[in-house]
1. Of the trypsin sites (Lys or Arg not before Pro) in the stretch B:95-165, which ones lie in a loop per DSSP and count no more than 16 other C-beta atoms within 10 Å?
2. Need one number: buried accessible surface between chains A and B, 1.4 Å probe, both sides summed, DNA, RNA and ligands left out, in Å² to 100.
3. Evaluate the charge dipole of the protein assembly as shown about its Cα centre and quote only its size in Debye, nearest 20, assuming +1 on the Cβ of each Lys and Arg and -1 on the Cβ of each Asp and Glu.
4. I want the local charge near B:V181. Using Cβ-Cβ distances under 14 Å, sum +1 for each Lys or Arg and -1 for each Asp or Glu among the other residues.
5. Of A:A31, B:V56, B:W133, which is farthest along the charge dipole of the protein assembly as shown in the positive direction, counting Lys and Arg as +1 and Asp and Glu as -1 at C-beta?
6. Treating only the Cβ atoms of Lys and Arg (+1) and Asp and Glu (-1) as charged, compute the dipole magnitude of the stretch A:79-232 about its Cα centre; round to the nearest 20 debye.
7. Which listed residue (A:F21, A:F329, B:A394) has the Cα farthest towards the positive end of the charge dipole for the protein assembly as shown, taking +1 on Lys and Arg C-beta and -1 on Asp and Glu C-beta about the Cα centre?
8. Between beta-carbons, use under 13 Å as the cut-off and find the net charge around B:K386, counting Lys and Arg +1, Asp and Glu -1.
There are 2 protein chains.
Amino acid sequence: MNKYLMAVPGTRQISGDDKIFGISKAAQDMAAEVGADKVINATIGALLDDEGNLMVMPSIIDIYRSLSPAEIAEYAPIAGVPSFLKNVKKAVFGKYTPNGYIESVATPGGTGAIRNTIQNYSALGDTVLTTDWFWSPYKNISDELGRKLDTFTMFDADKNLNLSSFSSKVEEILSRQTQLVIIFNAPAHNPTGFTPSDSEWDSIVDILKKNADNTDKKIIFFIDAAYIDFAGEEDASRAFFSKFSDLPENILVIVAFSMSKGYTLYGMRSGAMICVTPSADIAAEFKTVNMFSNRATWSNGTRPAMMILSKIFEDETLYNKVAAERAEFRKVLDDRAKVFIEYSNKYGLEMCPFKGGFFITVLCDNAEEIGKKLQKEGVFMVPIGKGLRFAVSAVSEEKCKIVPEKIAAAIGK
Amino acid sequence: MNKYLMAVPGTRQISGDDKIFGISKAAQDMAAEVGADKVINATIGALLDDEGNLMVMPSIIDIYRSLSPAEIAEYAPIAGVPSFLKNVKKAVFGKYTPNGYIESVATPGGTGAIRNTIQNYSALGDTVLTTDWFWSPYKNISDELGRKLDTFTMFDADKNLNLSSFSSKVEEILSRQTQLVIIFNAPAHNPTGFTPSDSEWDSIVDILKKNADNTDKKIIFFIDAAYIDFAGEEDASRAFFSKFSDLPENILVIVAFSMSKGYTLYGMRSGAMICVTPSADIAAEFKTVNMFSNRATWSNGTRPAMMILSKIFEDETLYNKVAAERAEFRKVLDDRAKVFIEYSNKYGLEMCPFKGGFFITVLCDNAEEIGKKLQKEGVFMVPIGKGLRFAVSAVSEEKCKIVPEKIAAAIGK
């Protein structure tokens, strides 16, 4: 759109349809035309069974249906239903709750948590920092709020976390602005599937602390944990949270929780933002400013989804049932990823360092062009930077075997 | 809060808890202490039965429970589920669809529609206009987005719509800014219960058109129709929409729809914004910019709520069942209002001109002080400007008889 008519341009560049949903729609259109068996739609960030149907945890639907009319229909408080706000801390941290003051505020999915964080902890015109491989809506959210998004180089030559790029970018931005929001998608990063190692987490915390030595600066470290329940075994994937204990006052950790993936409730729009801080006042401020943003943006959250989470964490039998179903779902995902990686290696494809989650990213130059070429072959993936994002969540093991050869052919390997 | 710690102040004044929810909580606390029978909580903007329980339409809960797992759990498209976007136009306009290009975008309740409208159709620092009696979150939403909120005098001495105040405020603001968003809550205005007459609607349209003669200016007339389903008979309450046919290109009408009241689904956060414009391009732009804002703020909407609306409008039997239940609910509300007005007149109370809806506003000086005085008597109402908002939606007919005398005593009448 070159010319605004009634709308006010603001600082945004709006380029029509959303990219990810756009490619997915192209896949659906092709399937309608030539038959679903000839199309592989590897764009969708949702867990689908081998026939392409959404995998929904039956225990979750049972709870959904069992709620009373008032549990479904009543307004939730602006901050969220109290039992949800309590239990969401358990859902995120498990056994690894960091030391500090911890407050939670309900948001519509992880997106709402990102939005509120940028709104409340950066100034208009500020730069927000994330990895150079990133979920594209981070840019949209920054644009919508009049902030810039900058990136650091995520991986070094050995495909480990590029700590020196991270460190220098943090320093660089803090040399010219008072506060810095850093968005870090982990574990099971979207789009790469990367999870930092134990020592990489230590280094991240060290870098944050080093920069916080300048007490005129404020660092907000935002962990987008949308995929935490598909990032391997439940305890192991949460152990890193303890490292965020007893940080300096000018480091505020905010964790985004989402019911979309881990509870297969994508369509219910439920999530939360949870802070970790050594200061009771900063925790209270967190609650106040984010409640204000809730009230002034979407008012309050989806009550039935909050009730579902509450009931799971207040009933051990139910909790175990949900955990067992989720473990089965995770196995489907892990099996597919294993096969995709095996065949990708066989055909000489280079990938980002995958550890878990819904996506694997295959490196290639001209990702946009290669992506379009593959679409003609009936393979739909999302080009992101210098790679193509393959959603193992959405493609059967059989098809995970087929795709790497097609990618190799399109690249010319 | 005087000093910001980690948060960035921006342009907002944040004063702790939300006012309406705060007073409601005080009522609940008192009820817990002295017994529910001694407390009248007339703050709640939801329809409660005589025992104080939420009234939820049984047909809606039946549909909620009958949805398939995929209908519940799948992501909705960014703009909303197509069948919802089609049927929401029928839900709002009924038989009175204005001539013009009409597009709809799903939002979390009416709040999301207001937020997107201010974000996309006013500039940072702009003034947004509404009535001097207004739902307080309009101010919060404006603050959150760095806009100012100004008001015109809603009623003249005869308690009719103050058209000259409206007209002069529109002219005044447009003399210094290019575009103007006007928020008009109707029919069954919150907090007064006012609905413009047929000729008042004509005058509103005339004033908009007169100001639109200057084609350098853009007027966005936003109708917050959250209470339309409790504003009297379904057809009669919608007839005014035809008046928004064939307007000039520089008047964009946006109507906010909410499932909270009319479908008693407060806790599901589902609504929509619907535009009316003579220009296909402006309608397309409406879709584009608001989809962008959706993606960058809450991502997408609550699918099960959208499916519920779709199913109602695609099944005549179901539609009739919902309409019949709603008519019963409306009768409860209207009967209470009748009694409250009768007794208020008896005790010489002055009220804003009530025509329908959830609230009646009793005029008084020092509303904050009188409100606090009444709280000691166990009567909880929301002070708004020069009056106290009484939620007939939340108080039994019996209690509606009692309260006016208490108000009169507190005022000293």
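1. Values: sites: B:K95, B:R115, B:K139, B:R147, B:K148, B:K159; in loops: B:K95, B:R147, B:K159.
Here the trypsin sites (Lys or Arg not before Pro) that fit, given the DSSP loop and packing criteria, are B:K95, B:K159.
2. Looking at A and B, the buried total is near 6800 Å².
3. About 600 debye.
4. Working: positive: B:R115, B:K139, B:R147, B:K148, B:K169, B:K217, B:K218; negative: B:D126, B:D150, B:D224.
Overall, the nearby charge balance is +4.
5. Final value for the positive-end residue is B:W133.
6. Details: 15 positive and 18 negative charges, 106 e Å.
Roughly 520 debye, rounded to the nearest 20.
7. It is A:F21, whose Cα lies furthest towards the positive end.
8. So the environment of B:K386 carries a net charge of -4.
The values are calculated or read from the model by the stated rules, or taken from the named source; none is laboratory data. From a predicted model like this one, the values you see are computed outputs, not experimental measurements. Cβ: placed from backbone, ideal geometry, glycine included. Neighbour counts: every protein chain shown. Accessible surface is based on the protein model in full, side chains and every heavy atom, while ligands, DNA and RNA are left aside. Shrake-Rupley method; radii C 1.70, N 1.55, O 1.52, S 1.80 Å.
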